[in-house]
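Report on the structure given below.
The values are calculated or read from the model by the stated rules, or taken from the named source; none is laboratory data. Quantities reported herein were computed from a predicted structural model and do not represent experimental measurements. Positions of Cβ are generated from backbone atoms using ideal geometry, with glycine treated the same way; all protein chains shown enter the neighbour counts. To get the accessible areas, we keep the full protein, side chains included, count just its heavy atoms, and leave off ligands, DNA and RNA. Shrake-Rupley method; radii C 1.70, N 1.55, O 1.52, S 1.80 Å.
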Amino acid sequence: MSSKDKSTTKLNVLLAKTDHLQSIFRKLIEDYVKFFKTKQGEFRGERKTYQALPDTVDLPNERKNELVVTTVTEKLDWLVDNSKEYLDALFSQELTNAYGIAKATLVVEGQEWGEFTSLELLRLKSFLENGTLKELYENIPVRNDDEIWENTTEEMYIGRDIFESALLKGDRMTTVKETYILEDPNLSKNLDLKNYTPVTATRDKPTRLGEFTFQKFSGEWSHRQRAELLRRRSVLLTAVIEALKVCNEVEVQKSQLTADKIFSYLHKGKVS
């Protein structure tokens with residue numbers, strides 16, 4: 001058997017593969033929607049440090065190091081890797097089924113993607129119109145636009161699509177009750193002070209306890225990134241619809257399999 005024969009996939013094998021992978025792909029998309037909706041904390045991290053001053057009470061709750069578990073980019077890359085086998089097989093199936101029928105060039109934002117059959121385009125249209133996929137993209141976790149974010153320089157996050165907020169520094173303060181003597185204007189300078197009791201009061205005295213820092217980290221996307229993704233989905237869907245219109249402009253080919261031939265055989269046992 002030649003190497004070409006060994007690498008050739010038969011349609012029946014391809015159909016079996018897509019049938020098997022279809023439910024896996026559907027469950028994958030549903031799991032992603034649920035994850036993006038309920039696990040947004042996995043995309044966020046923060047770090048708090050605290051250094052107590054000498055002779056002050058330590059505050060352990062002022063320390064925290066919560067790491068970013070994953071990023072939107074990492075999750076989407078994983079989605080692509082785990083969908084590739086199914087989608088590639090699916091469109092190969094449509095191409096095989098549609099071999100030789102109407103074709104059109106798919107043009108997306110001025111760039112040609114290639115020539116595709118109407119069945120391939122219909123399958124792509126169905127894929128893009130999938131409500132669960134759209135819901136997945138609409139629920140991609142995004143960073144708060146009210147804060148300034150920069151690419152992080154933290155060594156533990158190098159090579160990942162993670163951003164950091166500005167590092168906040170400051171003093172952790174408290175107030176201490178301080179007793180002091182009130183000035184008595186009626187007190188005579190010549191008065192015997194032995195039996196005199198001064199009037200006292202208390203006041204709050206600000207006191208430094210220690211120094212703190214606080215910083216946030218995020219593996220989320222920006223609002224603009226998510227909006228651009230949804231825009232590109234709409235643009236691609238529009239391009240597919242336009243390509244399908246071109247496919248539908250081809251002349252209809254008359255089939256040799258006619259009603260007369262079918263019924264002539266069924267009703268009369270004759271082939272017309």
What's the magnitude of the charge dipole for segment 110-179 around its Cα centre, counting Lys and Arg as +1 and Asp and Glu as -1 at the beta-carbon? Answer in Debye, nearest 20. 260 debye
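Among Thr207, Thr18, what's the order by accessible area (1.4 angstrom probe), most exposed first? Don't jump to the answer; show the numbers that get you there.
On the way: Thr207 40, Thr18 5 Å².
Largest accessible area first, the list is Thr207, Thr18.
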Please list, by residue number, everything in segment 60-98 whose backbone N is under 17 Å from a paramagnetic label point 7 Å out along Cα→Cβ of Ser222. 72-73
Separation of the Lys205 and Gln22 label points, Cα + 7 Å toward Cβ, nm: 7.9 nm
What is the list of residues in segment 135-161 whose amide nitrogen lies under 20 Å from a point 7 angstrom out from the Cα of Gln40, following Cα to Cβ? 135-150, 161
Label Asp81 and Asp145 with points 7 Å out from Cα along Cα→Cβ: what is the distance between them in nm? 3.3 nm
What are the extents of the Cα atoms of segment 59-134 along their three principal axes, in Å, largest first? 74, 27, 20
Residues of segment 30-49 with amide N under 17 Å of the 7 Å Cα→Cβ point at Leu229: 30-44
Cross-link pairs Lys17/Lys245; Lys34/Lys216; Lys103/Lys245; Lys17/Lys37; Lys103/Lys125; Lys27/Lys84 - those with Cα-Cα distance over 20 Å: Lys17/Lys245; Lys34/Lys216; Lys17/Lys37
FRET efficiency for Arg160 and Val107, Cβ-Cβ distance as r, R0 = 41 Å, nearest 0.05? 0.75
Two-site label geometry, Leu53 and Leu15: point separation in nm, points 7 Å out along Cα→Cβ: 8.1 nm
